[in-house]
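> Please find one structure pasted underneath; my questions will follow.
The values are calculated or read from the model by the stated rules, or taken from the named source; none is laboratory data. Because the structure is predicted, anything quoted here is derived from the model rather than measured. When we count neighbours, we look across all protein chains shown, and the Cβ atoms used for this are built from the backbone with ideal geometry, even at glycine. All accessible areas refer to the heavy atoms of the entire protein, side chains included, with ligands and DNA or RNA removed. Shrake-Rupley method; radii C 1.70, N 1.55, O 1.52, S 1.80 Å.
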Amino acid sequence: MKAMALLLDHTRCIGCRGCQVACKQWNGLPAEKTRFFGDQGYQNPKDLTDRTWTLITYHEIMTNGTLRWVFAKRQCMHCKTPSCVSACPVGAMYKTPEGPVLYDNNKCMGCRYCMLACPFQIPKFEWSKALPEIRKCTLCHDRIVNGMKPCCAAACPTGAIHFGEREEMIRTAERRIGKSPGRYDARIYGKEEVGGTSVLHLSPVPFEEVGFRTDLGNTPPSFYTERMMRLVPGVVIGLTLFLGGAYLFSRRIEKVRAMEEENKERHDEK
């Protein structure tokens, strides 16, 4: 199977949150107690959590003097070269050939490096549990390998969520922009960001206006993470040798001082 991807067209999203409900149903995620936040209108909950893996964000935006709603979908981006995978020292995070980035709780040691490494701040920790795990969107890998769409794509009533081979999703996005250039921002978010992702976005407004980071660049953060991780063995060995040498040196000084004191005592006795 070729690498798959989601194409999320924000111009077609009506904010129904059917994808949120479908995600919870399929993955057996419990509901959360929520409340209204003044700066986010009707958006609920406020952010992704260990129990909410996909979220429709609400944005009130002025365009040519007219106030409009723009909805955007947030979830794991499933990077082509995931920084969470490169940062994990035990291989608990891993990238599948089909596109999803998955997590093996049997290998996880709870270091949470994946949370720090992710440029999109996606992985969430189960702080409320005695035996916590890392939780995030799986892109419904269990459905994909059985020839099914991710549940969010299957549930969307307006076709705002499209699923297929990644290269075909890029061509579809390019056709939509070319056909209606005034309808879309020219960028296909995720096509090149951080080396490319398996979740692609189209927006009617600049992406920073709907809360997306546009300062990430096209180089995968894992490029730097892997270089740093390769330095770890050398640093550990060097530090061990340094501390060992310092210990031997301090022991040598103690012996010399002891010998000097012993010689001084003998001289005083004479």
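> From the residues in segment 50-70 that are over 21 Å from residue 131 (Cα atoms) and β-branched (Val, Ile, Thr), which one is surrounded by the most Cβ atoms within 10 Å (Cβ to Cβ)?
So the first thing to find is which residues in segment 50-70 are over 21 Å from residue 131 (Cα atoms), and the list is 54-70.
Narrowing further to those that are β-branched (Val, Ile, Thr): 54, 56-57, 61, 63, 66, 70.
Details: 54: 24, 56: 21, 57: 21, 61: 14, 63: 11, 66: 7, 70: 19.
For segment 50-70, the residue satisfying everything is 54.
> Looking at 73, 80, 33, 24 in this structure, which one is open to solvent by 40 Å² or more (accessible area, probe 1.4 Å) and in contact (Cβ under 8 Å) with a residue 60 or more places away in the chain?
On the way: 73 fails: open to solvent by 40 Å² or more (accessible area, probe 1.4 Å); 33 fails: in contact (Cβ under 8 Å) with a residue 60 or more places away in the chain; 24 fails: in contact (Cβ under 8 Å) with a residue 60 or more places away in the chain.
Result: 80 is the single residue among 73, 80, 33, 24 that is open to solvent by 40 Å² or more (accessible area, probe 1.4 Å) and in contact (Cβ under 8 Å) with a residue 60 or more places away in the chain.
> Follow-up. Search segment 121-142 for residues that are closer than 18 Å to residue 200 by Cβ and pair each with any residue that is of a type outside the set (Asp, Glu) and open to solvent by 100 Å² or more (accessible area, probe 1.4 Å) when their beta-carbon atoms are under 9 Å apart and the residues are at least 6 apart or on different chains.
Partner pairs satisfying both residue conditions: 140/26; 140/149.
> Exactly one of these conditions fails for residue 85: (1) touching a strand residue (DSSP E or B) at 6+ places or on another chain (Cβ under 6 Å); (2) without any contact (Cβ under 8 Å) to a residue 40 or more places away in the chain. Give me its number.
Just one mismatch for residue 85, condition (2).
> Could you list, in sequence order, all residues of segment 64-83 that are over 21 Å from the mean Cα position of the chain (by Cα) and assigned to a strand (DSSP E or B)?
Step one: list which residues in segment 64-83 are over 21 Å from the mean Cα position of the chain (by Cα), which gives 64-70.
Answer for segment 64-83, where residues must be over 21 Å from the mean Cα position of the chain (by Cα) and assigned to a strand (DSSP E or B): 66, 67, 68, 69, 70.
> How many residues does segment 184-202 contain that are hydroxyl-bearing (Ser, Thr, Tyr), more than 13 Å from residue 10 (Cα to Cα) and not in a loop (DSSP other than H, G, I, E, B)? Even if it seems obvious, please write down each step before you answer.
Taking segment 184-202 and keeping what is hydroxyl-bearing (Ser, Thr, Tyr), we get 184, 189, 197-198.
When the remaining residues are screened for being more than 13 Å from residue 10 (Cα to Cα), the result is 197-198.
From what's left, not in a loop (DSSP other than H, G, I, E, B): 197.
The total comes to 1.
> Here is a further query. Looking at this structure, is residue 219 at pLDDT below 95 and either assigned to a helix (DSSP H, G or I) or among the β-branched types (Val, Ile, Thr) (or both)?
Details: at pLDDT below 95: yes; either assigned to a helix (DSSP H, G or I) or among the β-branched types (Val, Ile, Thr) (or both): yes.
Criteria met by residue 219.
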